[in-house]
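To start, the structure itself, in structure tokens.
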Amino acid sequence: MIAIGSDHGGFDLKVEIIKHLEEKGYEVKDFGTYDPKDVDYPEFGLAVAEAVKDGICEKGILICGTGLGVSITANKVPGIRAALCSDCYTARMSREHNDANILALGGRVVGKGLALAIVDTWLETEFIGGKHKRRIDKIRDVEKKYARGVED
Ligand code: RB5
């Protein structure tokens with residue numbers, strides 16, 4: 001199950017991504033927003049990040065105008081590695097090296113065709129582990145240093 005969420009700045013692109021993913025057979029859980037009215041991106045960044053952190057969804061996709069607000073928010077949640085991508089190379093590397101569990105996109109930055117190619121690349125690429133796992137563990141150490149109540 002893929003969690004997806006956006007604010008108004010990412011709403012139109014979110015609709016296109018949901019359609020695309022459902023056509024490809026993915027199960028998608030939409031955490032809003034559900035219309036283009038002005039809303040606050042942290043609410044959606046948090047909802048998708050918590051669904052991934054809690055294991056309700058394996059991966060998440062977040063979209064706001066730039067992708068910045070939702071990625072900054074999601075990255076505050078322990079265990080979340082949200083990658084803001086505007087190209088397929090970064091999307092691939094964010095999975096291979098960083099084991100990103102959330103993809104963030106800017107609905108006012110990338111067009112539909114590029115966004116869908118980024119989504120496909122990101123979902124189809126596996127984490128390669130090895131020395132990269134050691135680096136992910138060091139990110140976890142940073143979380144533990146600064147967050148209270150973080151569990152392994
Ligand atoms: C909303 O206008 C815009 O600020 C938001 O979508 C996002 O780009 C924030 O980072």
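The values are calculated or read from the model by the stated rules, or taken from the named source; none is laboratory data. Only a predicted model underlies this, so the values are computations on that prediction, with no experimental measurement involved. When we count neighbours, we look across all protein chains shown, and the Cβ atoms used for this are built from the backbone with ideal geometry, even at glycine. In case anyone asks, the SASA skips ligands and DNA or RNA and just uses the protein heavy atoms, side chains included. Shrake-Rupley method; radii C 1.70, N 1.55, O 1.52, S 1.80 Å.
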Could you size up the charge dipole of the chain around its Cα centre, putting +1 on the beta carbon of Lys and Arg and -1 on that of Asp and Glu, and report it in debye to the nearest 20? 700
What is the stretch 85-146's relative contact order, in percent, from Cα pairs under 8 angstrom and six or more apart in sequence? 43
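With a 1.4 Å probe and all protein chains left in place, how much of the accessible area of the chain comes from carbon and sulfur atoms, in whole percent?
The computed percentage sits at 51.
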Computed over the stretch 1-90: relative contact order in percent, which uses C-alpha pairs under 8 Å that are six or more apart: 35
Using amide H atoms built 1.01 Å from N in the peptide plane, name the residues 5+ places from Gly65, or on other chains, whose amide H lies under 5 Å from its own. Gly9, Gly10, Gly107
Spelling out what I want: for every residue of the stretch 94-110, take phi, set θ = phi - 60°, compute 6.51 cos²θ - 1.76 cosθ + 1.60 (Karplus), and round to whole Hz; glycine and proline get x. 5, 8, 4, 9, 9, 6, 4, 9, 9, 9, 10, 9, x, x, 9, 10, 9
5 Å is the cut-off here: which amide hydrogens, built 1.01 Å from N in the peptide plane, fall below it relative to Cys57, excluding neighbours closer than 5 in sequence? Val52
So, by mean Cβ neighbours within 10 angstrom, what's the order for 138-145, 44-51 with the highest one leading? 44-51, 138-145
What is the Cα convex hull volume of the stretch 17-68 when expressed per residue in Å³? 88
Lysines near Lys19 by alpha-carbon distance under 22 Å, same-chain residues fewer than 8 away left out - which ones? Lys29, Lys37, Lys59, Lys112
Using a 1.4 angstrom probe with every protein chain in place, what is the largest-first accessible-area order of Arg135, Arg95, Arg81? Arg135, Arg81, Arg95
Would you grab the residues whose amide H sits under 5 Å from the one on Lys29? Only those 5+ places off in sequence or on another chain, please, with H modelled 1.01 Å from N. Ile2, Ala3, Ile4
³J(HN,Hα), Karplus 6.51/-1.76/1.60, whole Hz, each residue of the stretch 46-57, x for Gly, Pro: 5, 4, 5, 4, 5, 5, 6, 4, 7, x, 5, 10
If you plug each phi of the stretch 27-38 into the Karplus form 6.51 cos²θ - 1.76 cosθ + 1.60 with θ = phi - 60°, what whole-Hz ³J(HN,Hα) values come out, in order, with x for Gly and Pro? 8, 10, 10, 8, 8, x, 6, 9, 7, x, 5, 4
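Can you tell me what percent of all Cα-Cα pairs in the chain are more than 28 Å apart?
14
Accessible area per residue of the stretch 91-141 at 1.4 Å probe, in Å²? Walk me through the intermediate numbers first.
Details: 2490 Å² over 51 residues.
Spelled out: the 1.4 Å probe surface of the stretch 91-141, per residue, equals 49 Å².
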Pick out, from Val52, Phe31, Phe11, the residue whose Cα sits farthest towards the positive end of the charge dipole of the stretch 1-60, with +1 on the Cβ of Lys and Arg and -1 on the Cβ of Asp and Glu. Val52
Where does the chain land at 222 nm, in deg cm²/dmol rounded to the nearest 500, when only DSSP H runs of n ≥ 4 count, each adding -39500 (n - 2.57), divided by all residues? -14500 deg cm²/dmol
Please name which of Val142, Val109, Trp122 has its Cα lying farthest along the dipole of the stretch 63-152 towards the positive end, using unit charges on Cβ (Lys, Arg +1; Asp, Glu -1) and the Cα centre as origin. Val142
